[in-house]
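The values are calculated or read from the model by the stated rules, or taken from the named source; none is laboratory data. None of the values given here were measured: they were computed from a predicted structure. Note that each Cβ is placed from the backbone with ideal geometry, even for glycine, and that neighbours are counted across all protein chains shown.
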């Protein structure tokens, strides 16, 4: 019975609760955090765009370099192959004549 | 405010900081966490005020954000606690798990402090929706209709939530006195 009364009192203990006082500088704190976040965003975004642009430029340059190089290598290889082929075919023709 | 004027935002923070802070304080049962949460809520409000359609009162919208974010924080803490417990079982982390210190709400009258401490520790064991409905009713003094709007449920659901919350609290408290 005593416990029941006490439980009732516990359940009613919030009936006359007062509001707790929020920090009077909450607005200032929120603004500091907002400015901090915005500053971080501002400093991160251009670097990312910069990095992306740099990567893209390097990729393009590499592509052009590889493309022009394979072209010239292909040409010199073909030039080197021609005398060898001529010699080979003339050898075959000579052996067939025998 | 929707245009992002800082004076309007200051007015909003100064007008509603009390309800945001007090709601977070009741749910999180820690004044530092409640202050952090109040800041988080207003930061979210600053960024998402354009999404506020004005269909409900600003206070209802703020209650909803505060409740959602506070419950999310509690959930993530519980997950971390469970993970730390599992790790401790495998011997990876033998540090004792930090328990929530018993909370005394600063707005409780002196003669009720001990009873309120016991009640808050019992409230902490309630299921989320019962806990929220009970706290909004008892500490914020919201009507059933207002709680229904905050929780997006019907008034009869709120009645049922509060009825079950009181029943569960009674059971917890009976158990507390049987110990």
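Points worth noting:
- Reported count of residues in the range B:129-138, each being over 13 Å from residue B:164 (Cα atoms) and buried (at least 23 other Cβ atoms within 10 Å of the Cβ), is 2.
- One residue stands out in the range A:1-16 among those that are more than 12 Å from residue B:115 (Cα to Cα) and facing another protein chain (nearest Cβ under 7 Å): the one that is surrounded by the most Cβ atoms within 10 Å (Cβ to Cβ), namely A:3.
- Restricting the range B:139-179 to residues that are in a loop (DSSP other than H, G, I, E, B), within 13 Å of chain A (Cβ to nearest Cβ) and without any contact (Cβ under 8 Å) to a residue 12 or more places away in the chain, the residue that is surrounded by the fewest Cβ atoms within 10 Å (Cβ to Cβ): B:179
- Checked against (1) under 16 Å from residue B:68 (Cβ atoms); (2) at pLDDT 95 or above, residue B:51 passes all but condition (2).
- Of the residues making up the range B:14-25, at least one is touching a residue at least 40 places away in the same chain (Cβ under 8 Å), surrounded by 12 or more Cβ atoms within 10 Å (Cβ to Cβ), closer than 30 Å to residue A:17 by Cα and more than 12 Å from the chain's Cα centre (by Cα).
- In the range A:8-31, the residues that are more than 17 Å from residue B:25 (Cα to Cα) form Cβ pairs under 8 Å with partners that are assigned to a loop (DSSP other than H, G, I, E, B), at six or more places apart or across chains, as follows: A:29/A:23.
- Check on residue B:119, in contact with a helix residue (DSSP H, G or I) (Cβ under 6 Å, 6 or more places away or on another chain) and facing chain A (nearest Cβ under 9 Å): yes
- Options B:76, B:7: the member that is at pLDDT 85 or above, in a helix (DSSP H, G or I), within 14 Å of another protein chain (Cβ to nearest Cβ) and surrounded by fewer than 11 Cβ atoms within 10 Å (Cβ to Cβ): B:7
- Residue among B:55, B:32 that alone is surrounded by fewer than 14 Cβ atoms within 10 Å (Cβ to Cβ) and within 14 Å of another protein chain (Cβ to nearest Cβ): B:32
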